[in-house]
1. Can you tell me which residue in segment A:51-69 is nearest to the other protein chains (Cβ to nearest Cβ), limited to those that are in a loop (DSSP other than H, G, I, E, B) and in contact with a strand residue (DSSP E or B) (Cβ under 8 Å, 6 or more places away or on another chain)?
2. Mind checking whether some residue in segment B:203-210 is surrounded by fewer than 17 Cβ atoms within 10 Å (Cβ to Cβ) and within 23 Å of A:TYR78 (Cα to Cα)?
3. Can you tell me which of B:PRO265, B:PRO206, B:PRO252 is closer than 22 Å to B:PRO168 by Cα and touching a strand residue (DSSP E or B) at 6+ places or on another chain (Cβ under 6 Å)?
4. Looking only at residues in segment A:23-50 that are assigned to a strand (DSSP E or B) and surrounded by fewer than 18 Cβ atoms within 10 Å (Cβ to Cβ), which one is farthest from the other protein chains (Cβ to nearest Cβ)?
5. How many of the residues in segment A:73-99 are away from every other protein chain (no Cβ under 11 Å) and either within 15 Å of the chain's Cα centre (by Cα) or assigned to a helix (DSSP H, G or I) (or both)?
6. Among the candidates A:SER18, A:SER107, single out the residue that is among the small types (Gly, Ala, Ser), in a loop (DSSP other than H, G, I, E, B) and more than 14 Å from chain B (Cβ to nearest Cβ).
7. Does segment A:90-97 contain at least one residue that is closer than 20 Å to B:SER281 by Cα and among the hydrophobic types (A, V, I, L, M, F, W, C)?
8. Considering (1) surrounded by 23 or more Cβ atoms within 10 Å (Cβ to Cβ); (2) of a type in the set (Phe, Trp, Tyr); (3) away from chain B (no Cβ under 14 Å), say which one A:PHE10 fails and leave the rest.
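The values are calculated or read from the model by the stated rules, or taken from the named source; none is laboratory data. What you see is a predicted model; the values in this text were computed from it and never measured. Glycine gets a Cβ as well: all are built from the backbone with ideal geometry, and neighbour counts include every protein chain shown.
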Amino acid sequence: MTFEPKIIGFLCNWCSYSGADLAGVSRIKSAPNLRIIRTMCSGRVDPTFIIKSFQLGADGVFVMGCHLGDCHYAEGNYKTLRRIPLLKRLIKDFGIDPKRLRLEWVSASEGDKFAELVNEMTEEMRKLGPLNLKIQ
Amino acid sequence: MPKPKLALYWAASCGGCEIAVLDIQEKILDVANAFDIVFWPVALDFKYADIRAMEDKSIDICLFNGSIRNSENEELAHLMRAKSKVLVAFGSCAYEGCIPALANLTTKEEILKWVYKDSPSTVVTNGGVYPQTHTKMPEGEIEIPEMYEVVKSLDQVVAVEYYIPGCPPQPKQIWAVIEYILSGQPLPPVGSVLGAGDKTCCDECPREKKEKKLKNFYRPYEIITDPNLCLLDQGIVCMGPATRSGCEALCPKANMACRGCYGPPPDCLDQGAKMVSALGSVIDAQETGELEKIFDQIADPIGTFYRFSLAHSILRRKQP
């Protein structure tokens, strides 16, 4: 059986989730590997959620938010911008490839970009293989 | 009426928790008056066999400090669990792994190799022999406990009723817990963290906090800090925002950043992740290059953010 990566997507309500929606209604095909969780803002994505996703079996975590300057809450995505790279360093120290965590900005009009990114991330995770986290 | 029975045990710990118990000073006499101390290897000469001979659940309270590092620690964890009505993970090691659990960032093999072969202070004899669990001597076979690959907290090995955080728990807090038990009031719900607050260290810290906008981080030796201002505001990585209250901000009051020994605040699953969240909110930079430069100034992020809580964090260990 071929390996199908499980990717958790945290998408902000105002831009990226609408972007994903647009990809859907425009019938743009993309990999079915992204499990989307809608959050009110990418700034609402606590690093704990991401680590917990890995613990529960995610092979990758994709965080998407509004482009900088477009945040519905003015500066939520700026916090995400700083948290994700710091968290990447931390998961690297935990022995998890930092490529398994990705942050991108997707607006409500970028359905095609959304589909492209999901395909890209899925391929990347397929190459990396399953995470198979050892907790004990 | 016979006095309630109290036991204290140390597993993989430094002994600081035991000293903290004695630091309640003359009140230790009240403890001795109120309880029958049946087991306390650091202070009294009882043997494991004495405990094995006791009936199950005959010890009323066991304060267990130290993490689970080897087979002896684990055996005693099961033994004390079986014999105690209430088992308390006492201190940071038993609660969340503490300093011994930083060994989870490396492997057993690497540790043994460094200690018995590579470290400059080691005189290599016999090609660097590692400790063996069983060794034949002329007098018979001797046995030492087996070191485990991963350090665990007490509750990852046996069920635990309560947790008392701190490295070590503050004597005042220890006394408050003992006093509460002695008062005969009903015990709090199982799983409670006792002897600590339910806010963060910052809440107890008297330093003045301003709007945080950090462009630089410093190691403590690199700057002279203002004793009245928040250390994090001044660029010292202070774990206060991601640490439970209860110590009355002992370290920040002594001009030292909070190291996080009281563990994560209530409802927080992962102290390190919370610290990432907190720092992400207060760093003042937007360019990737500038951000990376600022992150470079944080020495050993994983060891700093999880200094005390690694074994009890979500990921628990570095992936082998």
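1. Looking only at segment A:51-69, we keep the residues that are in a loop (DSSP other than H, G, I, E, B), and these are A:56-59, A:66-69.
Checking which are in contact with a strand residue (DSSP E or B) (Cβ under 8 Å, 6 or more places away or on another chain) leaves us with A:58-59, A:66-68.
On the way: A:ALA58: 12, A:ASP59: 13, A:CYS66: 14, A:HIS67: 13, A:LEU68: 7 Å.
That would be A:LEU68.
2. First, pick out the residues of segment B:203-210 that are surrounded by fewer than 17 Cβ atoms within 10 Å (Cβ to Cβ): B:203, B:206, B:208-210.
Retained after the next criterion (residues that are within 23 Å of A:TYR78 (Cα to Cα)): B:209-210.
Yes, the conditions are met somewhere in segment B:203-210.
3. Details: B:PRO206 fails: touching a strand residue (DSSP E or B) at 6+ places or on another chain (Cβ under 6 Å); B:PRO252 fails: touching a strand residue (DSSP E or B) at 6+ places or on another chain (Cβ under 6 Å).
When all the criteria are applied, what remains is B:PRO265.
4. Taking segment A:23-50 and keeping what is assigned to a strand (DSSP E or B), we get A:34-39.
Checking which are surrounded by fewer than 18 Cβ atoms within 10 Å (Cβ to Cβ) leaves us with A:35-38.
On the way: A:ARG35: 19, A:ILE36: 21, A:ILE37: 17, A:ARG38: 20 Å.
This residue is A:ILE36.
5. 2
6. Numbers: A:SER18 fails: in a loop (DSSP other than H, G, I, E, B).
The unique qualifying residue is A:SER107.
7. Here is the first cut: in segment A:90-97, the residues closer than 20 Å to B:SER281 by Cα are A:90-91.
Imposing the further condition that a residue be among the hydrophobic types (A, V, I, L, M, F, W, C) reduces the set to A:90-91.
Scanning segment A:90-97 turns up at least one residue that is closer than 20 Å to B:SER281 by Cα and among the hydrophobic types (A, V, I, L, M, F, W, C).
8. Only one criterion in (1) surrounded by 23 or more Cβ atoms within 10 Å (Cβ to Cβ); (2) of a type in the set (Phe, Trp, Tyr); (3) away from chain B (no Cβ under 14 Å) is unmet by A:PHE10, namely (3).
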